Amino acid sequence: MNDQSITYREALKTAISEAMRSDERVFLMGEDVGNYGGCYAVSKGLSDEFGADRVIDTPLSESGFVGAGIGAAMGGMRPIVEVMTVNFSLLALDQIVNNAATLRHMSGNQIGIPLVIRMATGAGKQLAAQHSHSLENWYAHVPGIKVLVPSTVADARYMLAMALADPDPVILFEHVMLYNESAAIPAPKDCPDMHQAVVRKSGNDISLITYGGSLSKTLEAAKELDSHGISAEVIDLRCLRPLDTHTLYQSVEKTHRVLVVDEGWRTGSLAAEICALIAEDCFWSLDAPPSRICSKEVPIPYPQHLERAATPQVAQVVEAAMKLLNREVPA
Amino acid sequence: MNTDNNKVHMDIAHLKLLFKKMLRIRRFEEKCAELYTQEKIRGFLHLYIGEEAVAVGVMQALSTNDAVFATYREHGHALARGLSMNKVMAEMFGKVTGSSRGRGGSMHIFDVEKRFYGGNAIVAGALPLAVGLALANKMQKKQDVVVCFFGEGAVAEGEFHESLNLAQLWQLPILFVCENNGYAMGTALAISESEQHIFRKAQSYGLKAQAVDGMNVVEVESAATQYCISIKNGDGPCLLECNTYRFRGHSMFDTQLYRESEEIEEWKSKGPIIKLRRWLEANGKLDPAELKTIEDQVEDEINQSVEFAQSSEVENVSDLCFGVYAESKN
Ligand SMILES: Cc1ncc(C[n+]2csc(CCOP(=O)(O)OP(=O)(O)O)c2C)c(N)n1
């Protein structure tokens, strides 16, 4: 790490304060964002700078304050609403799916909802079955909202501004295992548009497609595959809805093999959608069936060994990739 | 304790029992905090330290068939309800001998044999479940009470209001116990509720409701006992607001930027255990030798539970998907 490196958490905070400084319509609200400093300490100190009127501590009323965020966006504000974790966002699912996602269409394009909702997601901290799930795909299923997953510090730094500039509701998912990651930040011009998938490592033999908390595991797997003489390309989706199929297809047409790594449950997963798209649109380029590594079909258990077994791990990715290439899996 | 004419009579032996029950929870959790720093217990750990009088007082009012729902801050409730300390400790360790086979950890302690229904980590998530269990009791003409514990933070959720309305509308045998410790994580009651007397909200739905000193175990027990009698009589649901305080952070991660240490110290000085101990001592009912005996008994039980948890096995990885559906391997 060089001197300029900052954490994912700091990158998010910098992005929020920058947005609040440059646009008076932007405000942050959510549970414990003010006095407590945010449940993952993202907004620590922000209430000192912006005051309790723009860093609003809400009661435990997810449906109420997410809905109020939608209403405030209708009224000309640019709210950033923080929901502690995706599991709790289910209490606000009605507002997000039945209102935020539909108002533009239902009103015949009279109303737009320029709202950003941020929430933590994912397993790895032994928080068990009501705090650890990856439900990004539930939101990615819904037309009318956009779903972003910053999986690098740079994206944490720059994606928020793009989300705020978007005229439609955008949900940002922050994987809990990323907050302490640190890296140097590139110049803003080097951050691709939020709708674009990015090749994080190029390769020729297989495309490993992933997002969020699984990116670092997938990169690690790619490195290991390199040592077995397999050149894997790693693609970070970044935007789960709308999907940048162009980048995906380009890669698959080069490598002819695809493995999707997704922390969501396998059944009905985003990985399933990507495999289906590739099967439909790149069938004649494929040398093997599109394949995926997902979480096991079980609520996330508390003990560390079971939590690990339930979620995608590096060894599984390596093994699945080797199999797709008809290579013997090392013991 | 007996309850002729709905009046609760307490003798010294009973007070000592309450004292020991609270101390047992306190020492258990102090041990858990220590084990957490050693990474034997992981995930989130929410200590109940300071609030013991609420769980102990309310549980005294229950019979074996009454059911209990609690939150993620439920170790004290589990112990007060009579779950074995070994099972609770093993659950904290994630061992297969734990009350939920280690699957739930500190936030999800369940023991249906003791009619202890968790361990719910979605704020206000248990209230509708408790209403439903009370509905089942009523439909089956059972006299049993369902008790649901929750923090004052839960009152802001729609589930609180929906549950109270349903309970009153359907005249269900349920006791809602609001543990008002003044903070939901770092959010003080004053900045989260327009009406800060929780019991008044319940009254507005037509429930019988009152606030009591949640630091006074006797007061909690008396009020809960009276309410349980009324509920069993078929007089409808009740809500008890217990004013209390948590001495520790919300969880082990909390840096407590939102409150002053003087405030914590002030509440500590009127804590439920010290208060009862001082009263017993001042009245010559608890001498140092007896206190030491109690402390030693509690410590022995805790040490044994740690030993049990340490030496227990973890679940096999091959059984990962156990218990997702009824037909899974057991
Ligand atoms: C629906 C939901 N929102 C947010 C959280 C995160 N959270 C866990 S406990 C808590 C505070 C709850 O406070 P209170 O109900 O007063 O109970 P206490 O923790 O003080 O016992 C919060 C915000 C959650 N678990 N569930």
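Details
- If the condition is being within 14 Å of the ligand (Cβ to nearest atom) and open to solvent by 20 Å² or more (accessible area, probe 1.4 Å), then the stretch B:163-181 contributes no residue at all.
- From the options A:ARG292, A:ARG308, A:ARG257, residue that is out of contact with any helix residue (DSSP H, G or I) (no Cβ under 7 Å at 6 or more places or on another chain) and at negative phi: A:ARG308
- Within the stretch B:179-230, the set of residues being among the basic types (Lys, Arg) and either in contact with a helix residue (DSSP H, G or I) (Cβ under 7 Å, 6 or more places away or on another chain) or in a strand (DSSP E or B) (or both) comprises B:LYS201, B:LYS208.
- Screening the stretch B:103-153 for residues that are touching a residue at least 12 places away in the same chain (Cβ under 8 Å) and of a type in the set (Asp, Glu) and picking the one that is farthest from the ligand (Cβ to nearest atom) gives B:ASP144.
- The listed residues are B:ILE273, B:ILE264, B:ILE302, B:ILE294, and the only one of them that is part of a helix (DSSP H, G or I) and closer than 22 Å to B:GLN196 by Cβ turns out to be B:ILE264.
Residues are listed down the side, and each one gets a yes or a no for (1) open to solvent by less than 40 Å² (accessible area, probe 1.4 Å); (2) touching a residue at least 60 places away in the same chain (Cβ under 8 Å):
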residue: A:VAL83; (1), (2): yes, no
residue: A:VAL86; (1), (2): yes, yes
residue: A:GLN110; (1), (2): no, no
residue: A:ALA123; (1), (2): yes, yes
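- Answer from B:GLY132, B:GLY104 - the residue that is within 9 Å of chain A (Cβ to nearest Cβ) and modelled with pLDDT of 95 or more: B:GLY104
For (1) part of a loop (DSSP other than H, G, I, E, B); (2) assigned by TED's automatic domain parsing to the domain that holds A:ARG9; (3) within 30 Å of A:GLY71 (Cα to Cα); (4) in contact with a strand residue (DSSP E or B) (Cβ under 6 Å, 6 or more places away or on another chain), each residue gets a yes or a no:
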| residue | (1), (2), (3), (4) |
| --- | --- |
| A:PRO150 | yes, yes, yes, no |
| A:ALA154 | no, yes, no, no |
| A:MET159 | no, yes, yes, yes |
| A:ALA163 | no, yes, yes, yes |
| A:PRO167 | yes, yes, yes, no |
| A:LEU172 | no, yes, yes, yes |
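- In the stretch B:298-317, of all residues being more than 14 Å from chain A (Cβ to nearest Cβ) and free of Cβ contacts under 8 Å to residues at least 40 places away in the same chain, the one that is most open to solvent (accessible area, probe 1.4 Å) corresponds to B:GLU307.
- Selection from the stretch A:130-147 of residues that are more than 18 Å from A:ALA272 (Cα to Cα) and either away from the ligand (no atom under 16 Å from the Cβ) or out of contact with any strand residue (DSSP E or B) (no Cβ under 9 Å at 6 or more places or on another chain) (or both): A:GLY144, A:ILE145, A:LYS146
- When the stretch B:180-201 is filtered for residues that are touching a residue at least 40 places away in the same chain (Cβ under 8 Å) and not small (Gly, Ala, Ser), the ones remaining, listed by number, are B:ASN180, B:ASN181, B:TYR183, B:MET185, B:THR187, B:GLU193, B:HIS197, B:ILE198, B:PHE199, B:LYS201.
- Among the residues of the stretch A:18-51, the ones that are out of contact with any Ser or Thr (no Cβ under 7 Å at 6 or more places or on another chain), open to solvent by 10 Å² or more (accessible area, probe 1.4 Å), part of a helix (DSSP H, G or I) and without any contact (Cβ under 8 Å) to a residue 40 or more places away in the chain come to 5 in all.
- Entirely in the stretch A:243-317, the helices (runs of 4 or more DSSP H) that have 2 or more residues that are among the β-branched types (Val, Ile, Thr) and surrounded by 20 or more Cβ atoms within 10 Å (Cβ to Cβ): A:245-255, A:270-281
- Matching residues, the stretch A:65-102, being assigned to a helix (DSSP H, G or I) and over 24 Å from the mean Cα position of the chain (by Cα): A:GLY71, A:ALA72, A:MET74
- Of all the criteria given as (1) modelled with pLDDT under 95; (2) in a helix (DSSP H, G or I), the one not satisfied by B:ARG278 is (1).
The values are calculated or read from the model by the stated rules, or taken from the named source; none is laboratory data. Remember, predicted model here, so these are calculated numbers, not experimental data. Cβ: placed from backbone, ideal geometry, glycine included. Neighbour counts: every protein chain shown. When the accessible area is computed, the model is the full protein with side chains, heavy atoms only, and any ligands, DNA or RNA have been set aside. Shrake-Rupley method; radii C 1.70, N 1.55, O 1.52, S 1.80 Å.
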